[in-house]
Structures are given as C-alpha cells and as structure tokens.
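The values are calculated or read from the model by the stated rules, or taken from the named source; none is laboratory data. Being a predicted model, the structure only gives us computed values, none of them experimental. Cβ placement follows ideal geometry from the backbone for every residue including glycine, while neighbour counts extend to all protein chains displayed.
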Amino acid sequence: MKVSALVVAVAGLAVGVAATVSVAQHSKSQPAHGTKAAAKADIVDTAVAAGKFNTLAAALKAAGLVDALKGAGPFTVFAPTDEAFAKLPKGTVEMLLKPENKDKLVAILTYHVVSGSVMSKDVKPMSAATLNGQQVDLKTDGGVTVDGAKVVMADVAASNGVIHAIDTVLMPSDKDIVTTAVEAGSFKTLATLLEKAGLVDALKGKGPFTVFAPTDEAFAKLPKETVEMLLKPENKDKLAAILKFHVVEGRVFSPAAAKGATVATLNGQSVTTQTSAGKVMVQNATVVKADIDASNGVIHVIDTVILPK
C-alpha cells in the first residue's frame, strides 16, 4: 500500500496530510468568475477582499494560520461565511478566539482545508483527508455538500488554490480513540481489556493511530476461557501484545487498506489488508464499519479478534 502523507508545519503544529481530492459545485448558486491563472491574490487576501469571510479571517489570524494559507499550496478551502459562523451557539466564536483555545481553533480550521487546487468540474462523491488529518465527506445529490454543509459559492480562484464558500462551520471529532470507542457502545470488552493492559493512556495520546477494533461480538467468538485467561494480572504482557496487534501508527483510511498492504503494528508484527468479495479484510477479520474519525486517529470496526503469532 502506498499511503501518501506529508507533514506540514502549521503554527507550530505538525499536521499529517494525505489527500487527493475532488471538490465541486452543481448547485444553483453561481460560481465566481475568473480562473486560477488570472488570480493574483492568495487565498487569505482573496477571502478578505470578498467581504463575506470576516470571521474566518479573524479566526485564521488568532490560530496563526495566515502565513500557512499564504504559502505556495495549492490548497482547496471550504470557507464558512460570516453567516455560517453566526449559526454557531452564542459565545462559541469568542471562546475559540481565546489564546488558551488556539489548538482547538487550529484543529477546526485545518478541517476546512485539503491539499490541491480543485475546481467544481472535478467533483465526485468521496471522502477526502483534510490538513487536520480527519476526513470530510463530499456528496453531490441535489447540490454539493461537505459533511452536510452546502457549497453556496464555488470556484473562487486564488493564486495558491481555490475557495468554495459553505453555509455551515465544519466540526471535526474532538474525542480521542478510546472515548470514541466507549461512546459507541459496541466495544465494552475492548475497553475493559485496554484498561487491564494499561494501554488507555497510550491510545489517548497524540498519535495518530489506526485501530482495528473488535466488537463485543468478535470477542464473544473466542473461547470463554481465553478472555478470562487474558484478564489475569500475570497475563498482562500477553494481553498487551494482542491488543497492540490491532493498532497501526498513522491514519490509514479504507481506500488505502482496500488496495492491499502489509503494515507494522505497535506489537512489532505486521498485519495484511486486502479486498475480498468487495469487503476490506484485515488478516482473517472483515471490516464491518470503516473510517470512524477520532481526534487522534481512525477506527475500523472488525468482526473477529486478530491474533499475533
């Protein structure tokens, strides 16, 4: 598998980028005139001159992202209008602009940017990795939406990319892998085992990680005595080795996994992914739900516990 990634320094924050994206607008709103070749102002100056993105401009300044979006790029920016920011609960913008909330603001703003300059004619329904590291979902049924936000003005060309105005602020997941799994309610056994193995803090760390998460039903397929044995204190190392076999460094989304790969796990051994009968497999386990974003990685739900040698 070739998982494209590069590290971008954004306001002192290293953000993993993996993206080739198609963005578009088939709605009834009129696109901005002009072409990228004719554009002379960068994304930030273009947004400011448009007069519809004053809150976004202030947020970019507070997050220390102005210079990054004035860089060579190219970037595609899903830019919330002032009206979009006004739809947020009262006090949210003021809270995000406070210096102590800079990291949260950076996470939100980078979730609106993908690598590459893509015009509306190149659209297709898909998911695309953002500079935040998490994915946005693009749909074209009845007009283009990005995570449910409508593109209200497309193809605003800039010298280092393109802007698509949207009517709602996009919010990435702010919950880590462990919290996301616990709240899903289908991973009670996994959560218990992570705690017993002393791995909770590790998977709440910065990451990012890709976790192949067995459901409670997956663990129930194991012999009853196996789980009971693993829960004993003297078997903590063996338990940790099994759980680490389900974790890969970095974000590996399902399209990359579907192509087939052999990747090292935190256990030290490798797992192999492939596509079989139209479904993504990890070892002998089937991915039953893919690409669940978390603040520090991505979860793929699997139907079988995979065991290292």
Could you say whether any residue in segment 124-144 is of a type in the set (Asp, Glu) and touching a residue at least 24 places away in the same chain (Cβ under 8 Å)?
-> no
Residue satisfying condition, being within 22 Å of ASP176 (Cα to Cα), over 20 Å from the mean Cα position of the chain (by Cα) and of a type outside the set (Asp, Glu), within set VAL287, VAL305 | VAL305
Within segment 171-182, is there a residue that is free of Cβ contacts under 8 Å to residues at least 24 places away in the same chain and out of contact with any strand residue (DSSP E or B) (no Cβ under 9 Å at 6 or more places or on another chain)?
-> yes
Considering residues that are at negative phi and either of a type in the set (Gly, Ala, Ser) or touching a Pro at 6+ places or on another chain (Cβ under 7 Å) (or both), the number found within segment 52-110 is 14
Please indicate, with yes or no, whether at least one residue in segment 226-246 is in a loop (DSSP other than H, G, I, E, B) and surrounded by 19 or more Cβ atoms within 10 Å (Cβ to Cβ).
-> yes
Among what's in segment 201-215 and is assigned to a helix (DSSP H, G or I) and of a type in the set (A, V, I, L, M), pick the residue that is surrounded by the fewest Cβ atoms within 10 Å (Cβ to Cβ).
-> ALA202
Go through segment 252-275 and give me each residue that's in contact with a Ser or Thr (Cβ under 6 Å, 6 or more places away or on another chain) and not in a strand (DSSP E or B).
-> VAL252, ALA257, ALA258
Only one residue in ALA165, ALA184, ALA218 is surrounded by fewer than 24 Cβ atoms within 10 Å (Cβ to Cβ) and at pLDDT 95 or above, so which one is that?
-> ALA218
